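Accompanying notes for the structure given below.
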Amino acid sequence: MGFAEVAVGVPLDTTFHYTVSAALSPSVTVGRRVRVPFGKRRATGWVISRPETIPEGGFDGELKAVEAALDDGPLLSEDELALYKWIADYYQHPLGLTLKAAVPAGMEKERVRPKTERVFAPVAGTGDDPGVVRMLRAKAPAQASVLEAIQANGNIPAADVKALLGPKGVAATAALLKKGLIAVRRVEVLRSPLSRASGTQSDIVAHEPSGPPPLTPEQATAHTEIVCAIDAATFAPFLLQGVTGSGKTEVYLRAIREVIDRGKTALVLVPEIALTPQLVGRFRARFGEGIAVLHSGLSDGERYDEWRRIRRGDVSIAVGARSAVFAPLKNLGILVVDEEHDGSYKQEEGLRYHARDVGVVRAQRAGAVVIMGSATPSLETWHNATSGRYKRLMLSKRVGDRPLPPVEIVSIAGKRRKSPLSEKLQEAIRETLGRREQAILFLNRRGYAPTVICDDCGHVFKCQDCSVSMIFHAPGLAKKAKSREPSLFIEDEPGLETNLGDLAGGRGWLKCHYCGRQAHPKENCPQCHQPELRLLGVGTQRLERELKELYPDARVARMDRDTTSRRGSHEEILARLARGEIDLLLGTQMIAKGLDFPGVTLVGVVLADTTLNLADFRAAERTFQLLTQVSGRAGRGDLPGKVIVQTFHPEHYAVALAAAHDFEAFAAREVESRRELFYPPYSRLVNVRIHGVERSAVERTAMDVRDRLDIALKGRTDAKVVGPAPAPLSMIRGRHRWQVMVRAGSSATARWAGRAALGVLEGQKKGDALRIELDVDPQSLL
Ligand code: ADP
Ligand code: ZN
């Protein structure tokens with residue numbers, strides 16, 4: 001008997017108490033998942049504590065009882081639970097929902113189960129005796145060999161008997177079954193993402209040397225520092241600031257080796273799934289099979305199995321994207337955050353955590369070493385490093401003294417253009433193809449054209465539910481692209497136009513990239529009914545067509561979300577690039593980062609301005625990062641590379657300094673303006689977003705939030721409240737969005753402000769109608 005305090009996965013910021021029967025009592029331990037009645041239904045919860053008495057007051061009526069203990073034991077240790085409590089508190093998210101993030105999604109709903117298969121296994125006491133094999137040898141040699149094989153392997157999958165042992169083997173197996181020497185059992189098989197992708201991966205890493213290379217002097221210095229910290233076995237955060245191609249990954253690999261040799265475990269975070277195959281390949285080349293991979297591209301079953309392999313201690317290295325920060329590794333010795341500045345580390349819904357920041361806290365609690373690697377550190381991390389809170393390790397040169405590629409800026413401002421590619425870029429592509437080298441073209445906008453506009457009245461097609469224009473997607477470009485091509489109308493910049501008439505009538509559609517709404521454009525403007533609809537601007541689809549037209553003999557491939565929706569498809573494209581089967585790869589930011597292909601000598605940035613124009617204080621930083629990352633894909637092998645950047649703003653410091661490879665100058669300038677405006681790294685932000693269907697209610701609540709904040713923060717001199725104002729994306733999925741932003745001098749003040757803002761709706765009926773969401777340390781203010 002006794003009680004259990006349970007965090008239930010519901011959006012309520014409190015825990016619940018249950019009674020525990022004598023029978024269940026031994027298994028209802030702290031950290032265990034349990035099934036409990038909740039209202040009229042059943043819910044999954046986590047045992048937070050086992051109080052002997054329950055706190056007084058607050059309980060009307062009778063407590064309900066815990067119904068069942070789930071899993072084969074507690075999933076979380078007390079340490080892990082403490083970390084999740086910290087996360088829930090910091091991001092001001094209900095603990096029950098925070099814990100939900102701790103386990104793979106399918107598991108939470110009890111949907112995924114271990115996968116099993118039927119095998120023939122030796123029966124203990126008789127079939128597992130090698131003596132029996134010897135006895136069988138004379139009379140039934142076939143049975144003897146089968147039994148021997150089964151003994152050697154432990155078992156043989158029933159489905160494979162025929163393939164492995166042949167028809168004779170099948171008969172022998174049946175005989176052994178009859179004799180009771182072997183029996184049918186069910187054993188678990190692990191669904192492994194590595195085995196699925198192994199074919200393509202070996203291609204992607206084909207150029208990796210088999211043994212570890214000797215370190216460059218800069219790598220060696222970094223390595224020595226890190227090993228020192230590993231030996232000290234205390235929390236030690238490093239910023240590994242190294243230009244693209246300087247061999248940061250090699251430093252990670254060596255450090256992890258040291259940690260593994262000391263019997264500890266390693267967690268490696270990488271930004272996006274597109275980055276994982278190549279990196280995972282390099283890890284596997286170095287560490288063999290002892291790696292688990294976690295990312296959103298896995299099936300539920302695969303993720304569940306990888307997760308359990310980690311938890312059981314079968315592997316000592318876990319590599320994965322954002323949510324891998326929760327990987328249940330024990331005895332963590334090192335955390336690597338590759339491309340630590342990357343925005344994808346921030347979860348943008350539900351528990352809005354930042355994986356890097358959570359990782360650092362996790363490492364701190366575990367006394368582990370952290371390596372945050374980047375060529376373009378976030379200003380927060382850079383600030384921590386220059387102020388001495390993190391140790392900075394510099395890799396200023398590329399491996400083998402390869403030069404960083406020269407970057408040429410091409411202004412496309414005020415020019416009438418027939419093509420999204422300038423003469424310069426066209427010429428450079430032609431030369432690259434002529435030398436049988438490869439080029440990467442970067443355009444951070446998918447679809448065919450970002451805007452459909454009426455030439456006559458200026459009407460722009462907008463999503464009915466979101467405050468953004470709908471993106472035009474053309475029908476498949478593969479077949480006979482030429483014949484149905486729309487004619488091109490070149491008009492005033494900034495844009496390239498196409499007559500829509502030729503494309504309409506079921507041949508193409510408009511898509512909202514926020515809510516997925518689709519529509520077929522008519523030939524006439526819905527507002528003024530004139531047949532003057534034009535496509536404005538360029539997306540990746542349009543660029544692909546342009547490349548195919550300009551370079552009919554080149555093998556062109558496009559990598560964006562539309563071409564990689566099928567699982568494994570991005571690995572496929574990268575493998576083809578590695579094998580030299582692609583001459584021109586174009587794509588969105590998926591191709592900007594991490595890729596290491598020595599054959600790529602030209603990088604073209606088709607439009608550097610896509611991030612620059614964002615209404616966000618990180619716009620310049622994001623632009624600098626993207627330009628540097630994408631430029632860094634050029635000239636990584638023995639052949640020299642070059643980069644061409646097209647922009648409407650050649651003079652902008654983010655563009656000019658990225659072209660000059662001068663991160664320090666950029667950071668110094670950017671951080672100064674952040675200081676003036678009281679933005680991170682000089683403040684902590686909490687963005688309070690109010691959204692709902694009814695505009696007036698949203699606005700009123702936003703005002704209330706502002707008032708509440710003013711009262712709550714009175715007397716705190718380190719807080720500044722901005723707003724309320726409609727968010728730059730003022731409507732998404734039919735919900736109006738307003739925001740109030742708090743810039744706070746400390747996380748205590750930020751937290752205090754968050755509490756106050758959330759309190760505005762307290763006592764009101766909670767429904768979908770109106771919501772207040774906190775974004776602590778927001779990465780995007782859109
Ligand atoms: P980064 O992550 O800094 O962009 P990488 O780790 O991808 O750089 O290294 C760039 C290339 O140099 C890779 O092909 C890698 O195998 C190779 N490399 C790294 N370190 C060395 C070294 N010490 N000697 C030789 N080659 C190296
Ligand atoms: Zn929409």
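Quick note: the coordinates plus some simple rules give every number you see, no bench work behind them. None of the values given here were measured: they were computed from a predicted structure. For neighbour counting, all protein chains shown are included, and Cβ atoms are generated from backbone atoms with ideal geometry for every residue, glycine included.
Each label was represented as a point 7 Å from its Cα along the Cα-to-Cβ direction; for Thr53 and Asp128 these points are 5.2 nm apart. Amide hydrogen proximity for Ile471: with H placed 1.01 Å from N in the peptide plane, the residues at 5 or more positions away or on another chain lying under 5 Å are Lys511, Cys512, His513. Our estimate of slack between Val30 and Glu148, defined as 0.36 nm per intervening residue step minus the Cα-Cα distance, is 37.9 nm. The stretch between Val361 and Asp710, if pulled fully straight at 0.36 nm per residue, gains 122.6 nm over its current Cα-Cα span.
Modelled this way, with points 7 Å down the Cα-to-C-beta line, the labels at Asn331 and Asp718 are 4.0 nm from one another.
Note on region 560-591 and region 691-718: Cα centroid distance 46 Å, given to the nearest whole angstrom. With contacts taken as Cα pairs under 8 Å at a separation of at least 6 residues, region 587-670 carries a relative contact order of 36 percent. For the chain, the extents of the C-alpha atoms along the principal axes are 89, 73, 59 Å, listed from largest to smallest.
Provide the FRET efficiency to the nearest 0.05 for the Ser296-Asp79 pair, computing r from the beta carbons and using R0 = 22 Å.
Working: r = 26 Å, r/R0 = 1.19.
E(calc), rounded to 0.05, equals 0.25.
Residues whose amide H falls under 5 Å from that of Ala368, counting only those 5 or more places apart or on a different chain, are Phe235, Ala236, with hydrogens built in the peptide plane.
May I ask you to work out the translational diffusion coefficient for region 586-663 at 10 °C, viscosity 1.306 mPa s, via Stokes-Einstein with Rh from the Kirkwood sum over Cα pairs, reported in whole µm²/s? Kindly include the intermediate steps, with their values, before the conclusion.
On the way: Rh = 12.7 Å.
It comes out at roughly 125 µm²/s.
Relative contact order of the chain: what whole-number percent is it, with Cα pairs under 8 angstrom and at least 6 residues apart? Provide the component values of the computation, followed by the final result.
Working: 1568 pairs, mean separation 80.9, N = 782.
Worked out over the chain, it gives 10 percent.
More than 17 angstrom separation, counting every C-alpha pair in region 532-602; what % is that?
Working: 1184 of 2485 pairs.
Summing the P(r) of region 532-602 above 17 Å gives 48 percent of all pairs.
Going from the fewest other Cβ atoms within 10 Å to the most, the residues Leu181, Leu147 appear in the order Leu181, Leu147.
Which order, highest average first, do 22-34, 289-301 follow once you tally other Cβ atoms within 10 Å for each residue and take the mean per peptide?
Numbers: 22-34: 16.5, 289-301: 19.5.
So the order, starting with the most tightly packed, is 289-301, 22-34.
Of the three principal axes defined by the Cα atoms of region 248-367, the extents in descending order read 38, 31, 26 Å.
What value in Å³ per residue do you get for the convex hull of the alpha-carbon atoms in region 324-479?
Per-residue hull volume (Cα only) is 276 Å³.
For the pair Glu349 and Glu762, what calculated FRET efficiency results from E = 1/(1 + (r/R0)^6), where r is the Cβ-Cβ distance and R0 = 22 Å, to the nearest 0.05? Mind dumping the intermediate values first?
Values: r = 22 Å, r/R0 = 1.00.
Rounded to the nearest 0.05, the efficiency is 0.50.
Subtracting the Cα-Cα distance of Val184 and Asn613 from 0.36 nm times their residue separation leaves 148.0 nm of extension gain.
Under a 5 Å amide H cut-off, with hydrogens placed 1.01 Å from N, Val337 pairs with Leu269, Ile371, Met372, Gly373 among residues at least 5 apart or on other chains. Rounded to two decimals, the Cα radius of gyration of region 662-782 over 2.2 N^0.38 Å is 1.13. For region 368-445, the direction-averaged projected area of the alpha-carbon convex hull comes to 9.5 nm².
For Ala82, what charge total do you get from the other residues with a beta carbon under 11 Å from its beta carbon, if Lys and Arg give +1 and Asp and Glu give -1?
Values: positive: Lys85, Arg362, Arg365; negative: Glu78, Asp79, Glu80, Asp89.
Counting the neighbours of Ala82, the net charge comes to -1.
Working note: Cα atoms of region 333-408, range along each principal axis, descending, whole Å: 42, 29, 23.
Nearest 20 debye, what's the magnitude of the dipole of the chain about its Cα centre given +1 on Lys and Arg Cβ and -1 on Asp and Glu Cβ? Walk me through the numbers before you get to the answer.
Numbers: 109 positive and 93 negative charges, 408 e Å.
Here the size comes out at about 1960 debye.
When cysteine pairs in the chain are screened for C-beta atoms closer than 4.7 angstrom, the residues that find no partner are Cys228, Cys515. Computed over region 544-592, relative contact order equals 46 percent, with contacts defined as Cα pairs under 8 Å that lie 6+ residues apart. Looking at the chain, the DSSP beta bridges with both ends there are about 55 percent antiparallel.
When the chain is described by a simple charge dipole with +1 on each Lys and Arg Cβ and -1 on each Asp and Glu Cβ, the residue from Pro37, Leu335, Pro403 located farthest towards its positive end is Pro37.
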